[in-house]
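Working notes for the structure below.
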Amino acid sequence: MSVITSRPVLRWLVPVAAAATVIGGGAAIGTFAAEAEPALPPRTAAQLLVDLQTSQLEGLSGTVVQRADLGLPPIAGLAANSSDLAALVTGTHTLRVWYSGPERQRVALLDTLGERDLIHDGRDVWTWDSRTNTATHRTLDAETAKGIHEAPELPVTPQEAADRALAAVDESTAVSVGRAARVAGRDAYELVLEPRDQASLVHQLRIAIDAREHVPLRFEVFADGSDQPAFEVAFTQIDFRRPDADQFTFNPPPGVTVKEETADRPAAGERRPDATTRAAERPQVRTVGTGWTTVLEARVGDGTPTSAKGAADSEFAGVLGALPAVSGDWGSGRLLTGKLFSVLLTDDGRVLAGAVTPERLYEVARG
């Protein structure tokens, strides 16, 4: 039962599940308000794919709303055991975004308790949390500054979500054109991606593409058997003018506590984990399969029981212990399922995850 009693598994479960499902998000959603379908000149799926790949975007700013209903089982205390997991499965997220080329971006996550900002301006990267009035400043080396990608586990814009989805397009994907749409006050074409493999839990991905700028305005994921999106991220307001440079300058508010970092050195006063600690915490990850039915497998334990590590770990073990027990010729473990993903935690210390049916996970676990 090492997977159930080993607390580090949750740290790896969240990004593995998010990566395996391509996307992830909050909970309890309704679709974005529909607008009248515009009349647009016909374009083929191939033309829309070329539009996405060749669009030239100098800048934009706007408001993005991200919502989801992943259909997770009601396990009491699951989200409370990890802020990362809570971010993955709860709430509706509203963000303000600014983009001015590869060297200047800003994302502000807005919620009822405050604001969290990520600002990239050349070699400077600032993060700021209004709730604690703390900020971190990183100075990047010249090479890193050219192509920094500080994206979180979840896509914060339709463009990021579309990029991840289009990377999976191959012969396993049926591509077609959907109905024209009106998103954030702009006319848009709809590109539809549909997995051919029945082992995938994804029914369709729908990408609304701006008819003039060829930029994704809305991204939706539909699970098998549902006519409502399990996940969507969309602009509710967008401006394609390049933002002023002032938007990417961080002015620390009064009383802020600032920590200085560099790209390759921890902040002053912080201890870098030694090699043994890093090796112990780093999972052994492999991918099995390709495209929509790819399964990620991470080894997070050695298969031997561990002793109790305090009340927090006991509570965590109880939460995972509430997951359904499963077994077969592959072994035994616990199963977590949602509309878009399945996660298998085996008793011999493995986590397998994918946007696939449990049967596909059992097949991979069997080896």
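Could you count how many residues in the stretch 39-57 are part of a loop (DSSP other than H, G, I, E, B) and modelled with pLDDT under 90?
Here is the first cut: in the stretch 39-57, the residues part of a loop (DSSP other than H, G, I, E, B) are 39-44, 55-57.
Now drop any that are not modelled with pLDDT under 90, which leaves 39, 55-57.
Result for the stretch 39-57: 4.
Mind listing whichever residues of the stretch 346-357 are open to solvent by less than 30 Å² (accessible area, probe 1.4 Å) and under 22 Å from Gly291 (Cα atoms)? First the steps, then the outcome.
Applying the first criterion (open to solvent by less than 30 Å² (accessible area, probe 1.4 Å)) to the stretch 346-357 yields 346, 349-356.
Selection gives Arg350, Val351, Leu352, Ala353, Gly354, Ala355, Val356.
With respect to the conditions (1) open to solvent by 80 Å² or more (accessible area, probe 1.4 Å); (2) at pLDDT 90 or above, Pro305 lacks only one, and its number is (2).
Applying the condition of being assigned to a strand (DSSP E or B) and open to solvent by 10 Å² or more (accessible area, probe 1.4 Å) to the stretch 203-221 and asking which residue is nearest to Leu48 (Cα to Cα) yields Arg206. Quick check on the stretch 308-335: of everything there that is open to solvent by 80 Å² or more (accessible area, probe 1.4 Å) and among the hydrophobic types (A, V, I, L, M, F, W, C), which residue is modelled with the lowest pLDDT? Residue satisfying both the conditions and the ranking: Ala308.
Within the stretch 250-263, not a single residue is modelled with pLDDT of 95 or more, crowded, with 18+ Cβ neighbours inside 10 Å and more than 19 Å from the chain's Cα centre (by Cα).
Considering the stretch 109-128 alone, what residues qualify as being in a strand (DSSP E or B) and either touching a helix residue (DSSP H, G or I) at 6+ places or on another chain (Cβ under 9 Å) or surrounded by 17 or more Cβ atoms within 10 Å (Cβ to Cβ) (or both)? Within the stretch 109-128, Leu109, Arg116, Asp117, Leu118, Ile119, His120, Asp121, Asp124, Val125, Trp126, Thr127, Trp128 qualify.
When the stretch 179-200 is filtered for residues that are open to solvent by less than 30 Å² (accessible area, probe 1.4 Å) and outside any strand (DSSP E or B), the ones remaining, listed by number, are Ala180, Ala184, Ala199. Has the stretch 282-289 got at least one residue that is modelled with pLDDT under 90, in a strand (DSSP E or B) and of a type in the set (Val, Ile, Thr)? Yes, the conditions are met somewhere in the stretch 282-289.
The values are calculated or read from the model by the stated rules, or taken from the named source; none is laboratory data. None of these values were measured; they are calculated from a predicted model. Cβ sites come from the backbone with ideal geometry, for glycine too, and all protein chains shown count toward neighbours. Side chains are part of the model used for accessible areas, which takes the heavy atoms of the whole protein and leaves out ligands, DNA and RNA. Shrake-Rupley method; radii C 1.70, N 1.55, O 1.52, S 1.80 Å.
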